[in-house]
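Engineer: First the structure, then my questions, so here it is.
We did not get these values from a lab; they are worked out from the coordinates using the rules stated. The model shown is predicted, which means the values in this text are computed figures rather than measured ones. Ideal geometry is used to build each Cβ from the backbone, glycine not excepted, and the neighbour counts take in all protein chains shown.
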Amino acid sequence: MPKKAGNLYQQFGKYYGLAFLLPVSMLVGYGIGYGLDKLFHTAFLKVVFLLLGIASGIIELVRELSEDDAGK
């Protein structure tokens, strides 16, 4: 029984981390774009890097979930 309870907590931790994956990747992408906009005096890089952050978050989310599905 303790092994199953540990596995439950381990799965909870993994999926809890996945819940923050997309918002954090969006925030990091926006932050990089914002910093580059300030550095180069432009106004479009934050949008570009926000979109790159969204794309990378979705790719990593799909990668993690498909890895979990293949293990079953």
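Engineer: Looking at segment 22-72 only, could you name the residues that are of a type in the set (Phe, Trp, Tyr), assigned to a helix (DSSP H, G or I) and either loosely packed, with under 15 Cβ neighbours inside 10 Å or in contact with a Lys or Arg (Cβ under 8 Å, 6 or more places away or on another chain) (or both)? If you could, list the steps in order and put the result at the bottom.
Structural biologist: Here is the first cut: in segment 22-72, the ones of a type in the set (Phe, Trp, Tyr) are 30, 34, 40, 44, 49.
Right, trim to assigned to a helix (DSSP H, G or I) and you get 30, 34, 40, 49.
Matches in segment 22-72: 30, 34, 40.
Engineer: Further question on the same structure: Which one of these is hydrophobic (A, V, I, L, M, F, W, C) and within 17 Å of the chain's Cα centre (by Cα): 21, 36? Don't jump to the end; show me each part of the working.
Structural biologist: Working: 36 fails: within 17 Å of the chain's Cα centre (by Cα).
Answer to the selection: 21.
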